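The values are calculated or read from the model by the stated rules, or taken from the named source; none is laboratory data. From a predicted model like this one, the values you see are computed outputs, not experimental measurements. Don't worry about glycine lacking a Cβ; one is built from the backbone with ideal geometry, like all the others, and counts go over all protein chains shown.
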Amino acid sequence: MKKFLLKGILKDKGRSLLPVIVVSLGALLTVFLYSWVKGVMGDSIEMSSNFDTGDVKVVTRAYARQADQYPNDLAILGVDTLLEALKAGFPDMDWAPRIRFGALADFPDSLGETRGQGPVAGWAVDLLGEGSREPERFNLPAAIVRGRMPESRGEVLLAENLASRFDAGPGDSFTLFGTTMEGGFTFVNYTIAGTVRFGATGLDRGAVLMDLQDARAAFAMEDAAGEILGFLPVFHYDDRMAQEVVSRFQAGAGSGDGISGQDQEYAPVMITLGRQAGMAEMLVYAEAISGMLIFLFVLAMSIVLWNAGLLGGLRRYTEFGIRIALGEDKGHIYRSLLWEALVIGSIGSILGTFVGVVFVYIFHHVGFNFSSMMQQASMLIPGIMRPAITPAIYYIGFIPGVLSMLLGNALAGRGIYKRQTSRLFNELEV
Amino acid sequence: MTDNAIVTLRELYKRFPAGKGTFTALKDINLTFGKGEFSGIVGPSGSGKTTLLNIIGSLDTPTEGTATVLGKKINVLSQKEAAALRNNGIGFIFQTYNLLPVYTVYENVEFALLLQKISAPERKKRVMESLQWVGLADRAASRPASLSGGECQRVAIARAIVKRPALVLADEPSANLDSANSHHIVRTMKELNRELGTTFLFSTHDEKVMQYLDRIIYLKDGAVEKDELC
Ligand SMILES: Nc1ncnc2c1ncn2[C@@H]1O[C@H](COP(=O)(O)OP(=O)(O)OP(=O)(O)O)[C@@H](O)[C@H]1O
Ligand SMILES: [Mg+2]
């Protein structure tokens, strides 16, 4: 019987072609959109983790409250001791002290007069230290557009957009005006070692990247750091793992003795990426979008396939009539319709998934440049978006593909039960 | 009632809802068809021929009275039981041949056997045998679209008898056929009736069919007007 039905599916194009096309399209779109959502969200989170939040971040309690202003007057003191303790408490994690700051950059002309001024967002990280993994996190030196990596104190990297705006380039100097930890005014001269473009719109507009020691000297922050970022030994951010680290930290691990006597306001606290600046919502959002997409596809495709099934049912009126007359139980006919739906749904899903996966691979390697559309964005969103290649892309298309086909046929097939056997002949003799 | 009765109808009425009241399509039918009969129901359009065949074929139920077919009381059968009765005991031949266009002649006939648990080699043997009976063994691989009307009806006959039912119901089988083909298919059925002992019950108003019948029941306005052996 199954073989017989299969022959029908294969020989009767009207029965299989439209559903297969609809199902493949749905599966294709699901695979493609799902991988985009995952890809863009995943890249954004990865980027946030590397550039901004870490997988976890240690700051003072007071700093945490105004974290978006990078209040360096509330920075962590005794960083070396704390770092030792963190490394001892969480040996498989990587810990990176950083200073974030806002400042004004002043670009001089050949006579030393001000040619132009602009605000910059400063990142002071361990650029020069032996074995530091910070350059890797900022995708250096690949992100360098002109010039080279800083090799000594006083050399910095400047966002290419900012540099070209002021006609500055490698070898040129500029002055940074900022505030010290005590609230005093300070200015320091730096040399541009190179210009960078990260592909993160918020950063590319006006970032200056310097070595941590330079910033400590400039802002009088000896043995201090605004924040200490912690990185889990996993490729993608894992919220549960991060929360576990935080619980252990709160229970005393990694906080050492050096800070025990300090004021509660300046006691270090640890926050996961998920808990920082809306990241938790973003994570939930990503899941919700994927779920919603699949639900919508199932719904829309089911309606289309239901109608296709109704049309197919009309075309097959004779067949069902004969099957009833030959003594096939109605339930058996209905179940055979569901079986056909399963077969057609699977065929369509396989085709759609195949094409979808091919597209995902292509776009994953090519990427799609969104940066021109996001000039205004201040968020850390990757300028080049690409779909993610995850195991789910191989099966996610089957959910809407098979479900919608089953649902569509299940609805359309109800007509079989309504059919009056006594009308069989009359109807057949039209 | 004889022991070899295949169909027994007793005080059978069939009413259909019509407007506010009902329309009586069959009135007080009392008939018995024995094993091996080759009989026909004859009557003008609307006289109730199809309605009667539907009830005998367990596709419909009587409103009053009883219909016993192959030992089963049609009145009380569930949908499933009725399907099983048709599957095991009754073959149908329709006015429009109702072959499935996507399948070959062979597959159309084989279809009738798929519901029964018959092994593939046995199925093949039976399908080819049936096609030989109707003289179409050489067209087994053809599609219905490439056959003439007469050939299509012969395939339908092969489909009806391939499972060797005790009873074949044929509702105006020659209505769409020309004279030569009408003769041909009725003769074919007559041979099968003789060789296999299959009971055939026709509805027809075709003179050419009537001349082959052993017994003719005349229906008029839903009632038996005449029941005569030929
Ligand atoms: N399901 C039904 N509902 C209502 N009326 C019906 C139904 N089936 C048949 N009838 C009516 O019962 C009467 C007998 O119909 P039937 O189809 O049995 O006639 P028939 O002798 O087969 O006619 P024909 O030679 O045209 O096929 C007709 O008047 C028909 O309209
Ligand atoms: Mg009729």
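Structure notes:
- Number of residues in segment A:1-23 that are more than 38 Å from the chain's Cα centre (by Cα) and among the small types (Gly, Ala, Ser) equals 2.
So that you can scan it fast, the table gives a plain yes or no per residue for (1) closer than 20 Å to A:Lys418 by Cα; (2) within 14 Å of another protein chain (Cβ to nearest Cβ); (3) out of contact with any Gly (no Cβ under 7 Å at 6 or more places or on another chain):
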residue	(1), (2), (3)
A:Tyr285	no, no, yes
A:Ala288	no, no, yes
A:Ile294	no, no, yes
A:Phe297	no, no, no
A:Trp306	yes, no, no
A:Arg315	yes, yes, no
A:Gly321	yes, yes, yes
A:Ser346	no, no, yes
A:Gly356	no, no, no
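- Strands (runs of 3 or more DSSP E) fully within segment A:97-208 that include at least 1 residues being farther than 30 Å from A:Val58 by Cα: A:114-125, A:144-147, A:173-179, A:185-196.
- Single match in A:Ser35, A:Ser44, A:Ser48, A:Ser16 (criterion: within 14 Å of another protein chain (Cβ to nearest Cβ) and buried (at least 19 other Cβ atoms within 10 Å of the Cβ)): A:Ser16
- Number of residues in segment B:1-17 that are in a strand (DSSP E or B), out of contact with any Phe, Trp or Tyr (no Cβ under 9 Å at 6 or more places or on another chain) and more than 9 Å from ligand 1 (Cβ to nearest atom) equals 4.
- Restricting segment B:79-104 to residues that are small (Gly, Ala, Ser) and more than 7 Å from chain A (Cβ to nearest Cβ), the residue that is farthest from B:Ala160 (Cα to Cα) is B:Ala82.
- Odd one out for B:Ala120 among (1) within 11 Å of chain A (Cβ to nearest Cβ); (2) under 21 Å from the mean Cα position of the chain (by Cα): (2)
- Annotation: of all residues in segment B:18-44 being touching a residue at least 40 places away in the same chain (Cβ under 8 Å), within 8 Å of ligand 1 (Cβ to nearest atom) and small (Gly, Ala, Ser), the one that is nearest to B:Glu191 (Cα to Cα) is B:Gly43.
- Some residue of segment A:290-297 being at pLDDT 80 or above, surrounded by 14 or more Cβ atoms within 10 Å (Cβ to Cβ), part of a helix (DSSP H, G or I) and polar (S, T, N, Q): no
- Extreme residue, farthest from B:Asp214 (Cα to Cα), among residues of segment B:1-30 that are crowded, with 19+ Cβ neighbours inside 10 Å and aliphatic (A, V, I, L, M): B:Ala25
- Looking at A:Gln264, A:Gln243, just one residue is at pLDDT 85 or above and outside the structural domain of A:Gly415 (by TED's automatic domain parsing), and that residue is A:Gln243.
- Going through (1) crowded, with 24+ Cβ neighbours inside 10 Å; (2) β-branched (Val, Ile, Thr); (3) at the interface with another protein chain (Cβ under 10 Å from one of its Cβ atoms) one by one, B:Ile157 falls short only on (3).
- Criterion applied to B:Thr68, B:Thr51, B:Thr32, B:Thr63 was being polar (S, T, N, Q) and over 18 Å from the mean Cα position of the chain (by Cα), and the one residue passing it is B:Thr63.
- Residue count for segment B:163-182, restricted to those that are in contact (Cβ under 8 Å) with a residue 40 or more places away in the chain, within 13 Å of the chain's Cα centre (by Cα) and either more than 16 Å from ligand 1 (Cβ to nearest atom) or within 10 Å of chain A (Cβ to nearest Cβ) (or both): 7
- In segment A:172-190, the residues that are among the aromatic types (Phe, Trp, Tyr) and surrounded by fewer than 16 Cβ atoms within 10 Å (Cβ to Cβ): A:Phe177, A:Phe185, A:Phe187
- Top-ranked residue of segment B:36-72 - restricted to ones that are touching a Phe, Trp or Tyr at 6+ places or on another chain (Cβ under 7 Å) and within 21 Å of A:Gly327 (Cα to Cα), ranked as farthest from the other protein chains (Cβ to nearest Cβ): B:Pro62
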